[in-house]
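Working notes, beginning with the structure itself.
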Amino acid sequence: MKINAVKFRKDGFYSQPFAFGGEEGADKFDINIRYRGSLQNYVIDTGKEVILVDTGLPAGFPEESPDETSLAYTGKNICGYVDALAALGYKPEQVTKILLTHRHSDHSGELRSFPDAKKFINADELQADELQGLTNVVPVTFTDGAYHNFPEAQKICDGVWMIKAKGHTNGNSLVIAEDEGLYYMFQGDITYVDEALYENKLSVVFDDLAAARVTMDRVREFVSKNPTVYLSTHSPQGYENLEAKRVMDLNNPVPTKLAEVDFPKKEDSGKYVCSICGYVYDPAEHDGVAFEDLPEDWRCPRCKQSKDKFNKA
């Protein structure tokens, strides 16, 4: 089995209030502490099949322009997702299966570029706007019983499991691949940065806070009992852990490297991007109403997050 990171954004950040503030409140944490951020998904090559875990941002998705008040920033473009996959030597027609952790566009954005692949999607996510019009969808209902301490799982192929992990979204899932005595955990935004797993903190992004806490507890129990390489989407720690085959040790955290951040000024397009689901607010599509003029209780129409989760595009 070969596992690689499909890297498509770099030099982002996730502030401590964003990464840690789900249960105690964002105001309990320091916005000036910014953990390193990036965007990557993963490819599992079993030798018989090429399996993707998530499929990046949609082609042409705008870059954000964060400032000192931004809670999160997904980073600068390296290239598009399909180009990043090609850099690893894979063409779309080689992909046999795609395992979707959840609906948000930084995970689902290029599903349509793989029309022939079977798309395994938690049945609870199927009605999401981002997932309409897809071909070869396989609804996952987790009928294969428990996997270790996770009560609901589905076997995808030998050594690869999809596991119900509700909380971040109501249909959130994670994937575990077993290889040479290690468990590779591809987690769908259960944490944005590894520091949150070490510190046992939930992010401020969730559909169901109580379920997110249950999932976090199960993840921490699993990694404490099994040699687990923890693979994040939003932090370079994900591919660093993969490249080093580093086993997560909750009692011995890897030293934190904070993000080195500057805030270059860019031409203001008037558009704003949700840093959670990727929804783009364009005043031209909303009767010319500027984002700044929206009421303070306005919510993202797709993921229902508040205005402070948006960055200028």
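Near residue 44, within a Cβ-to-Cβ distance under 13 Å, what is the net charge of the other residues, with Lys and Arg +1 and Asp and Glu -1?
-3
Please sort by residue number the chymotrypsin sites (Phe, Trp or Tyr not before Pro) in segment 1-110 whose DSSP state is loop and whose Cβ has at most 12 other Cβ atoms within 10 Å. Let's see the in-between values first.
On the way: sites: 8, 13, 14, 18, 20, 29, 35, 42, 73, 81, 90; in loops: 29, 90.
Counting only loop positions with at most 12 other Cβ atoms within 10 Å, none of the chymotrypsin sites (Phe, Trp or Tyr not before Pro) in segment 1-110 qualifies.
Place a +1 charge on the Cβ of each Lys and Arg in segment 2-244 and a -1 charge on the Cβ of each Asp and Glu, then give the dipole magnitude about the Cα centre in debye, rounded to the nearest 20.
On the way: 23 positive and 37 negative charges, 89 e Å.
Around 420 debye, computed over segment 2-244.
Could you calculate the contour length gain from residue 247 to residue 59, that is, 0.36 nm times the residue separation minus the distance between their Cα atoms, to one decimal place in nm? Could the numbers behind the result be given before it?
On the way: separation 188, 0.36 × 188 = 67.68 nm, distance 3.35 nm.
Length difference between fully extended and current span is 64.3 nm.
Would you check segment 1-127 for Lys pairs whose C-alpha atoms are within less than 25 Å, ignoring same-chain pairs closer than 8 in sequence, and give me the count?
The number of close lysine pairs in segment 1-127 is 23.
In whole Å, how far is the Cα centre of segment 181-260 from that of segment 49-103?
Segment 181-260 and segment 49-103 have Cα centres spaced 20 Å from each other.
Which one of 78, 98, 51 has the biggest mean-square fluctuation once the chain is modelled by GNM with Cα springs under 10 Å?
Greatest mean-square fluctuation among the candidates belongs to 78.
If you rank 69, 228, 96 by fewest surrounding Cβ atoms within 10 Å, what's the result? Could you put the intermediate results ahead of the total?
On the way: 69 10, 228 20, 96 16.
Lowest count first: 69, 96, 228.
If eta is 1.306 mPa s and T is 10 °C, what Stokes-Einstein diffusion coefficient results for the chain, Kirkwood Rh from Cα pairs, in µm²/s?
Translational D for this selection: 81 µm²/s.
Which value, in debye to the nearest 20, gives the size of the charge dipole of segment 264-313 about its Cα centre, when Lys and Arg are +1 and Asp and Glu are -1 at the Cβ? Present the calculation step by step, with values, prior to reporting the outcome.
Numbers: 9 positive and 10 negative charges, 71 e Å.
Dipole magnitude for segment 264-313 comes out near 340 debye.
Which ordering of 36, 112 is given by a fewest-first count of other beta-carbon atoms within 10 Å?
Details: 36 24, 112 14.
Ascending Cβ contact count within 10 Å gives the list 112, 36.
Normalised by the number of residues in segment 130-202, what is the relative contact order in percent for Cα pairs under 8 Å and 6+ residues apart? It would help to have the intermediate numbers written out before the result.
On the way: 91 pairs, mean separation 11.4, N = 73.
Computed over segment 130-202, the figure is 16 percent.
Which GluC sites (Glu not before Pro) in segment 226-313 sit in a loop by DSSP (not H, G, I, E or B) and have at most 10 other Cβ atoms within 10 Å of their own Cβ?
260, 267, 296
Output wanted: per-residue J couplings in Hz (rounded whole) for segment 216-230, from phi through Karplus 6.51 cos²θ - 1.76 cosθ + 1.60, θ = phi - 60°, x for Gly and Pro.
4, 4, 5, 5, 5, 5, 4, 5, 6, 10, 9, x, 10, 9, 9
Work out how much length residue 2 to residue 96 would gain on full extension: take 0.36 nm times their residue separation and subtract the Cα-Cα distance, in nm to one decimal. Before the final figure, lay out the partial values.
Values: separation 94, 0.36 × 94 = 33.84 nm, distance 1.50 nm.
Full extension of this stretch gives 32.3 nm more.
Subtracting the Cα-Cα distance from 0.36 nm times the residue separation, let me have the gained length for residue 224 to residue 180 in nm, one decimal. Display every interim value, and only then the final one.
On the way: separation 44, 0.36 × 44 = 15.84 nm, distance 1.82 nm.
Stretched out fully, the residue 224 to residue 180 stretch lengthens by 14.0 nm.
So what is the calculated 222 nm ellipticity per residue for the chain, using -39500 (n - 2.57) for each DSSP H run with n of 4 or more, over all residues, to the nearest 500 deg cm²/dmol?
Values: 6 runs with 47 residues, N = 313.
So the calculated ellipticity at 222 nm is -4000 deg cm²/dmol.
Considering only DSSP states other than H, G, I, E and B, which GluC sites (Glu not before Pro) in segment 60-117 qualify as loop sites with at most 13 other Cβ atoms within 10 Å?
68
A short reminder: the numbers here are calculations on the coordinates, not readings from a lab. Just so we're clear, the structure is a prediction, and the values are computed from it rather than from any experiment. Using ideal geometry, Cβ is built from the backbone for each residue, glycine included, and neighbour counts are taken over all protein chains shown.
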